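The values are calculated or read from the model by the stated rules, or taken from the named source; none is laboratory data. Every value quoted in this text rests on a predicted model; they were computed, and no experiment measured them. A quick note on method: Cβ atoms are made from the backbone with ideal geometry, for glycine too, and the neighbour counts reach across all protein chains shown. Side chains are part of the model used for accessible areas, which takes the heavy atoms of the whole protein and leaves out ligands, DNA and RNA. Shrake-Rupley method; radii C 1.70, N 1.55, O 1.52, S 1.80 Å.
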Amino acid sequence: HDIGDIALVAVAKTLTSVFRESDPLFRIGGEEFLCMIVAMPREALSARLDRARDAFAKAHETDLRVPVSITFSAGVAAWPRDGVTLEQLVKAADRRLVQAKRSGRDQVRWSDSAAPIRTS
């Protein structure tokens, strides 16, 4: 449990360093977090998600101090295309997150593509 707690703190610290203060961040279960990002162009969001993936790849070296590897997978849903309610958007994002995890992790799934996005 101690390593899991340390990992969760590292995850939260990494996420808060990558996303804006105006982007609410919630832990929704286990190792899953939800970030509500408002008014950010896809290119900017893609760059931010790449920064998060890079930060997670390095997190075990700096914050954990133990040989644990952390990957970053994300499912992205867009309003109103993927839903108009929070519940619809969360379900759409979660479906894509599951796809990312089942496809090998460390990738981002977008609403308009079934293919993983790995830009780095």
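Just give me the residues in the range 24-60 being loosely packed, with under 13 Cβ neighbours inside 10 Å, at pLDDT 90 or above and in contact with a strand residue (DSSP E or B) (Cβ under 8 Å, 6 or more places away or on another chain), in sequence order. Matches in the range 24-60: PRO24, PHE26. Within the range 101-120, restricting attention to residues that are at pLDDT 75 or above, polar (S, T, N, Q) and within 20 Å of ALA44 (Cα to Cα), the residue that is nearest to the chain's Cα centre (by Cα) is GLN107.
Search the range 61-96 for residues being open to solvent by 50 Å² or more (accessible area, probe 1.4 Å) and within 29 Å of ASP2 (Cα to Cα), and hand back the single one that is modelled with the highest pLDDT. Of everything passing the filter in the range 61-96, ASP94 is modelled with the highest pLDDT.
Right, GLU21: open to solvent by 50 Å² or more (accessible area, probe 1.4 Å) and over 15 Å from the mean Cα position of the chain (by Cα) or not? The answer is yes for GLU21.
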